[in-house]
Amino acid sequence: MGIFSKLTGFGGRDMAVDLGTANTLVYVRGRGIVLSEPSVVAVDTQTGDVHAVGVEAKRMLGRTPGSIRAIRPLKDGVIADFDVTEEMLRHFIQRVHQNRFAHPRVVVCVPSGVTGVEKRAVEEACLSAGARQAYLIEEPMAAAIGAGLPVADPTGSMILDVGGGTSEVAVISLGGIVVSESIRIGGDEMDEAVVAHCKHEHKLAIGQQTAEEVKLEIGSAINLPEEITTEIRGRDLVSGLPNTILLTSTEIRAALEEPVSQIVAAVKDTLDRTPPELAGDVMDRGITLAGGGALLQGMDERMRQECQMPCQLTESPLTCVAVGSGRSLEEFEVIHRMNRNTTRRRTLGAQV
Ligand code: ADP
Ligand code: MG
């Protein structure tokens, strides 16, 4: 009976969605992460029809003709385009939700900058995509659960999640967020810093995607043991012709300094506002880094140096929010069972 109920039982197809500013991941209970795609939608500007979603749409960014627009609906950590977000969410849920007759429960993790109205829109998008119920979970909490931190214990755990459009820091204890900070600085601002650097220092126009590639290849937050270079192509702003230039990791690190130091400042500020007992716990246990932006070379070492405490990158920074949201599904089950039991007890009590 145990196995049977595990496979087909209540909640078997429940899913968790990490609705990130850069990437959306879907976790299906019992199966793990089944989808991971860029949060990008290509829309026909005339008809409003959706042309492509995810990987395919991301390839179109900066390459669309006048009739198509590639949109990142959550770009700055807020829902910039309501309808497109809803459309995207529905598309991803339906893609993994093959059985039209089963109505799963869906947990969605949204950036904390999202407003109440936007949260309701997200819930509604899930319901209209076929969900039976939709719950929201706060991003730092999901990240902390996914990173395996003891969130329920009476001890302070600090998590930093550097995403595309936002960075979120929080100290969690006894299952709740005690202090937190969310800034609209993340991997996107790093890309923009690379674009600006190429424009001002090399008179070369490059797109966001090229900038991201440069960041992944030679970007860093601390001096590298051996500085490296990369070649990029763009349009020369003086001649107007395509041109190739060489970039060094030293100059890119300088260009990234502004966004990186803002993320460091957000962590320090959160530490500053942490109650002393919890700050002591964080001192001992350190800061856990999650999110794609935390993968910037030397980000963990930079935090270690600046905050004077241990800092560790979580095992899987890009998936930990989805995994954490997925794990919270299991807890809903427990909560639900507890509620059922108390209801039954109450009914029994009434009969006596
Ligand atoms: P979100 O949760 O906001 O969708 P993610 O956690 O998926 O964001 O992280 C996406 C960001 O991480 C992007 O800006 C991407 O460029 C950046 N990123 C991914 N891998 C790396 C890496 N190795 N080095 C630096 N930045 C990275
Ligand atoms: Mg995220």
For this session: Enumerate the strands (runs of 3 or more DSSP E) found wholly within the stretch 208-326, keeping only those where 2 or more residues are over 23 Å from C198 (Cβ atoms).
Result: 287-290, 311-313
Exercise. Are there any pairs, at least 6 apart or on different chains, whose C-beta atoms fall under 7 Å, with the first in the stretch 260-278 and in contact (Cβ under 8 Å) with a residue 12 or more places away in the chain and the second of a type in the set (S, T, Y) and open to solvent by less than 10 Å² (accessible area, probe 1.4 Å), and if so, which?
Worked result: I263/S167; A266/S167
For this session: Only residues in the stretch 5-31 that are within 16 Å of ligand 2 (Cβ to nearest atom) count as the first member; pair them with residues that are modelled with pLDDT under 90 and of a type in the set (D, E), Cβ under 9 angstrom, at least 6 apart or cross-chain, and list the lot.
Result: T21/D76
Problem set entry | Criterion: within 16 Å of ligand 2 (Cβ to nearest atom), among the small types (G, A, S), modelled with pLDDT of 95 or more and open to solvent by 20 Å² or more (accessible area, probe 1.4 Å) - qualifying residue of S261, S316 | S316
Exercise. Which residues, counting only those in the stretch 281-296, are more than 7 Å from ligand 1 (Cβ to nearest atom) and either modelled with pLDDT under 95 or open to solvent by 30 Å² or more (accessible area, probe 1.4 Å) (or both)?
Worked result: D281, M283, D284, R285
Exercise. Does the stretch 33-41 contain at least one residue that is within 16 Å of ligand 2 (Cβ to nearest atom), touching a helix residue (DSSP H, G or I) at 6+ places or on another chain (Cβ under 7 Å), among the charged types (D, E, K, R) and open to solvent by less than 60 Å² (accessible area, probe 1.4 Å)?
Worked result: yes
Exercise. Does G163 meet the test of being within 13 Å of the chain's Cα centre (by Cα) and open to solvent by 10 Å² or more (accessible area, probe 1.4 Å)?
Worked result: yes
Seminar exercise, completed: Apart from one, (1) modelled with pLDDT of 90 or more; (2) within 18 Å of the chain's Cα centre (by Cα); (3) not hydroxyl-bearing (S, T, Y) all hold for V114; the odd one out is (1)
Seminar exercise, completed: If we keep only residues of the stretch 183-229 that are polar (S, T, N, Q) and within 14 Å of T250 (Cβ to Cβ), then the residue farthest from the chain's Cα centre (by Cα) is T229
For this session: Please find, among P140, P154, P150, the residue that is surrounded by 21 or more Cβ atoms within 10 Å (Cβ to Cβ), out of contact with any Cys (no Cβ under 9 Å at 6 or more places or on another chain) and outside any strand (DSSP E or B).
Result: P140
Problem set entry | Check on E251, within 12 Å of ligand 1 (Cβ to nearest atom) and under 28 Å from the mean Cα position of the chain (by Cα) | no
Exercise. Within the stretch 119-137, which residues are open to solvent by 20 Å² or more (accessible area, probe 1.4 Å) and not polar (S, T, N, Q)?
Worked result: K119, R120, E123, E124, L127, R132, A134, Y135, L136, I137
Exercise. Restricting attention to the stretch 173-193, does a residue exist that is free of Cβ contacts under 8 Å to residues at least 24 places away in the same chain, in a helix (DSSP H, G or I) and either away from ligand 1 (no atom under 15 Å from the Cβ) or not acidic (D, E) (or both)?
Worked result: no
Problem set entry | Residues (under 19 Å from Q209 (Cβ atoms) and either open to solvent by less than 30 Å² (accessible area, probe 1.4 Å) or in contact (Cβ under 8 Å) with a residue 24 or more places away in the chain (or both)) located in the stretch 221-232 | T230, I232
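The values are calculated or read from the model by the stated rules, or taken from the named source; none is laboratory data. Nothing here was measured: the structure is a model prediction, and the numbers come from that model. Neighbour counts are summed over all protein chains in view; Cβ atoms, including those assigned to glycine, are modelled from backbone coordinates with ideal geometry. Side chains are part of the model used for accessible areas, which takes the heavy atoms of the whole protein and leaves out ligands, DNA and RNA. Shrake-Rupley method; radii C 1.70, N 1.55, O 1.52, S 1.80 Å.
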